[in-house]
Amino acid sequence: MRAPRGRRGLAVIALALIATGTTAGAAQAGGGRPAAQVDISPFAKEFQRGAMLVHLSARCDAGNTVQELIIEYSQNGFTISQPAAIDFVCDGRWHRFDEIGPEAFEPGPADVAARLTIIDEVTGDPLPQAVDWQRVWVEPAAKVKFGNARLAEDGSIVLTTWARCDQPWVVQELYVEVAQGTASGSAVRTDEFIPCDDRWHRVVLPIASVGTPFQRGAADASAYLTVLDPLSFDPVAQAQQFVSVRIRG
């Protein structure tokens, strides 16, 4: 499904954009504003099965019709192109929409190029394409990190974690493990404790040891935050964190 393109492919994209004279332009209407424009947001989101959710805006002058918008996704030497499922009229105004790309990408930096083609309503002739290229940051669908760990009198610990996940997903569970020598324990929290609203949420977890009691000092901690689609309950992503935490009295 994916075809390797690498740096040469990205260079071709960049040269094609430079040749247009603008990173978000198309045919000039009487030497003024372009007849069509497209703009890619530098911020994208991780979607199901490794797809990326890209935010775009596009416009075209009245008297024209949108023929197609092709979006090209590139990451780690691979490039995939596909037509966008767009539906807007040429009325001179900017229209915003989200586009879900192909699968098999990862959170982090990626390159996205867009080519918008419009045609004259009267003659049916195509106008030069509007193009844009953007280095985007694909935000993970879920994140988890550790706060402080406090030792209780009975040898258990109270561990603070922080979790966030994107709308519209739901949390299946937050699972945390802590190990310190012969002491170890785990805790689980489910969706009722962590709403997916693009914000960080503080989650306090009491963890009892199944071995010897916890003590002050360093311990190994791991966390797994799993999010699902709220309709199909298919898995979307799992955030993981492995760190050394310090248990304090």
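Please enumerate the residues belonging to region 144-183 that are closer than 16 Å to residue 208 by Cα, of a type in the set (A, V, I, L, M) and either touching a His at 6+ places or on another chain (Cβ under 6 Å) or surrounded by fewer than 19 Cβ atoms within 10 Å (Cβ to Cβ) (or both).
The answer is 151, 152, 158, 179.
Would you tally the residues in region 42-67 being outside any helix (DSSP H, G or I) and more than 11 Å from residue 92 (Cα to Cα)?
So the answer is 16.
Matching residues to (1) at negative phi; (2) basic (Lys, Arg); (3) outside the structural domain of residue 42 (by TED's automatic domain parsing); (4) assigned to a strand (DSSP E or B):
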site: 123; (1), (2), (3), (4): yes, no, no, no
site: 150; (1), (2), (3), (4): yes, yes, yes, yes
site: 160; (1), (2), (3), (4): yes, no, yes, yes
site: 164; (1), (2), (3), (4): yes, yes, yes, yes
site: 167; (1), (2), (3), (4): yes, no, yes, no
site: 177; (1), (2), (3), (4): yes, no, yes, yes
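The values are calculated or read from the model by the stated rules, or taken from the named source; none is laboratory data. Here the structure is a predicted model, which is why all the values come from computation and not from measurement. Note that we place each Cβ from the backbone using ideal geometry, even for glycine, and neighbour counts take in every protein chain shown.
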